[in-house]
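Structure, as structure tokens:
What follows is calculated from the coordinates using simple rules that are stated; it is not laboratory data. In this text the structure is predicted, and so the values were computed from the model without any measurement. Ideal geometry is used to build each Cβ from the backbone, glycine not excepted, and the neighbour counts take in all protein chains shown.
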Amino acid sequence: MQRRVHSGVNLLLESLPEANKQRLRKLMEPVGLPRRTELFKTAEAPRYAYFITSGLTSVVLTLADGADMEISVNGVEGFTGWLQLLGPQAVQAHAFMQIEGTALRMPMLDLRREFEADTELRNAVLQYAQHQVLVGHQLIACNRKHSVEQRLARWLLMVKDRVGIDNLPLTQEFLAEMLGSRRTSVGTAMGQLQERGLIEGHRGHVRIVNEAGLRKQACECYPIIDAYYQRIYR
Ligand SMILES: [Zn+2]
């Protein structure tokens, strides 16, 4: 399947009418976001929302034993801060750049005002929030029921779809963190995918060499999540 590569553009902003986009753009500034840049901290109200224009953000829960568990990703289809925008609850998760990139950042105070005043923006934000919740539902089932190999295949495809590159700067340790699995299990799963000729892993990178094969190896969750992703700004 031919996929669009969206580097440099935020799809949520692009989906808005030109006049709305231009007004919002005046409240934003472009920023570079190196890997591991923190975009919001656990239980703290963020100062800025980041509309991602390249790269990928992970939203992660840290458990009492220090283990991290990824609960969602934000790419060029969305922005960080939508959880805090929807209501008053403190968010018990933090967000950081998993793959370095760029964003248009906007003060949360301005975004709150625009969210209330601008119907088109509000509809786009709610559509994105619904998308994130639906993907989250699928991932709850996925993390309980599917093998590390299936989940690793699904996760690599999800990341590739959002950043548009085949050679992903991801270490085995980081993958284990993101999948909430032991490093040894992730190492075994990576070995299996490599033996099948679907990926190559070396020096902190994972290259997808056979995307069609990787799709066959991924669990049933991938096509469901992919359909949500494809549909979001159609
Ligand atoms: Zn699954």
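Annotations
- Choice from VAL186, VAL91, VAL159 with maximal GNM fluctuation in the chain (Cα, 10 Å cutoff): VAL91
- Site pair ASN167 and GLN127 shows an inter-label distance of 3.5 nm when each label is modelled 7 Å from Cα along Cα→Cβ.
- Mean sequence separation of contacting Cα pairs (under 8 Å, at least six apart), scaled by the length of segment 158-234, corresponds to a relative contact order of 27 percent.
- Volume per residue for segment 147-218 equals 73 cubic angstrom (convex hull of Cα atoms).
- Summarising the amide proton neighbourhood of VAL206: residues at separation of 5 or more, or on other chains, whose placed amide H is nearer than 5 Å comprise LEU168, LEU170.
- For segment 86-234, the fraction of C-alpha pairs more than 28 angstrom apart is 28%.
- Rounded to the nearest 20 debye, dipole of the chain from Cβ charges on Lys, Arg, Asp, Glu: 240 debye
- Choice from GLY136, GLY87, GLY213 showing the highest fluctuation, given a GNM over the chain with Cα pairs closer than 10 Å: GLY87
- Straight-line cross-link reach from LYS216 at under 28 Å between alpha-carbon atoms covers these lysines, not counting any fewer than eight positions away in the same chain: LYS145, LYS160.
- Among ALA90, ALA153, ALA103, the largest mean-square fluctuation in a Gaussian network model of the chain, built with springs joining Cα atoms closer than 10 Å, belongs to ALA90.
- Using alpha-carbon coordinates, inclination of helix 183-195 to the longest axis of the chain, degrees: 70 degrees
- Spin-label model, THR184/TYR233: points 7 Å from Cα along the beta carbon direction are separated by 4.4 nm.
- Its residue count N fixes a reference of 2.2 N^0.38 Å for segment 2-64, and the Cα radius of gyration divided by that reference is 1.35.
- Relative contact order of the chain, defined on C-alpha pairs under 8 angstrom at six or more residues apart (%): 22 percent
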